[in-house]
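The structure appears right after this line, and notes come after that.
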Amino acid sequence: MIDVQSQDLRFAGWLPAGVGLDDAIAALAALAVAASVLAMWQMLRPKNAFERRLEQVVERKESLRREALAARTRRQHRRPLGWMRAAVTGSICCAAGMPRKPASASPAPGSDRRMR
């Protein structure tokens, strides 16, 4: 097995002949600048019509989804028993401006007969 020490590993030894350490650093810096310029150009370039329309469709879909979820949480579900209780107690009539029936009023005579 070869015994390699950390001091024996030098970056300059891995470079091709004729390329110095300064040249390698300058080439890597130029590559980083080119990648940055390319990334900024991609972000700042004008979008074509298809990309703009696709973005509008996705935004509209998200806004409709948010509205539907908001409407679902705002809506109160009332059971049929709740509606019947409200009608019997008169809270619906009073809300509509109709006079409330007195609680002691007796049913009209003959109102319990069924029509045949």
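Give, as a single signed number, the net charge of other residues whose beta carbon lies under 12 Å from the beta carbon of LEU15, with Lys and Arg counted +1 and Asp and Glu -1. Charge balance in the 12 Å sphere: -1.
Along the range 17-33 the Karplus relation, 6.51 cos²θ - 1.76 cosθ + 1.60 evaluated at θ = phi - 60°, assigns HN-Hα couplings of 5, x, 10, x, 5, 5, 5, 5, 5, 5, 5, 5, 5, 5, 5, 5, 5 Hz to successive residues, with x for each Gly and Pro.
Every number here is computed from the coordinates shown, using simple stated rules; none is lab data. These numbers come from a predicted model, not from an experiment. As a convention, Cβ positions derive from the backbone with ideal geometry for all residues, glycine included, and neighbour counts pool all protein chains shown.
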